[in-house]
1. Looking at this structure, is residue 103 within 13 Å of the chain's Cα centre (by Cα) and assigned to a helix (DSSP H, G or I)?
2. Step by step: first the residues of the stretch 97-135, then only those that are hydroxyl-bearing (Ser, Thr, Tyr) and closer than 27 Å to residue 73 by Cβ, then the one that is surrounded by the fewest Cβ atoms within 10 Å (Cβ to Cβ). Which residue is that?
3. Do you know which residues across the stretch 1-14 are in a helix (DSSP H, G or I) and hydroxyl-bearing (Ser, Thr, Tyr)?
4. Can you tell which of 28, 33, 17 is modelled with pLDDT of 95 or more, out of contact with any Phe, Trp or Tyr (no Cβ under 7 Å at 6 or more places or on another chain), in a loop (DSSP other than H, G, I, E, B) and more than 19 Å from residue 104 (Cα to Cα)?
5. Please go through the stretch 53-89 and pick out each residue that is touching a residue at least 40 places away in the same chain (Cβ under 8 Å), hydrophobic (A, V, I, L, M, F, W, C) and farther than 16 Å from residue 100 by Cβ.
Amino acid sequence: MAESILRIRRATGSDIPRLLDLYQHLIPGDDRPDDASASEAFARFLLYPGSAIFLGELHGVLVASCALAVVPNLTRGAKPFGIIENVVTHSDYRQHGYGRQILDAASGAAWSEGCYKVMLLTGSKEPATLNFYLRAGFEQSKTGFQKRRIPVRSEN
């Protein structure tokens, strides 16, 4: 597959069905919300100023995505921070730099919003996944904890 220029943009409501299809490459077999629930969740997400779901398209095919939530903050001079979640590249398009490009777009948007940092968590222990995040400019410098209602997904 020839390398091509990824077109990166912010998602709109009309992108939801294709985005939900792409998420199957993140969590295969994950419960897919109905259209009304997905649209409602997307609208609530956009209520947070600066937050966006970034999409990477190649010849009209949605190949990569991540979500950026910009969180107001009372430390660091009241500078917000960003949380990146749901990082996914379509399995047919991996190893071409598209995931890194989508993370760079989200990080750039966070900087434009005045965020002092962006952070993400991964449940993966796969060296390839961890090295991907390191190559994308993230450092493994904090210890993460979580409390879950939904069980952790298994490694694929």
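1. So residue 103 fits the description; yes.
2. 112
3. 14
4. The conditions single out 33.
5. 53, 62, 70 - these are the residues of the stretch 53-89 that are touching a residue at least 40 places away in the same chain (Cβ under 8 Å), hydrophobic (A, V, I, L, M, F, W, C) and farther than 16 Å from residue 100 by Cβ.
The values are calculated or read from the model by the stated rules, or taken from the named source; none is laboratory data. Since this is a predicted model, take the numbers as computed values, not measurements. Please note: Cβ atoms are built from the backbone with ideal geometry, for glycine as well, and neighbour counts cover all protein chains shown.
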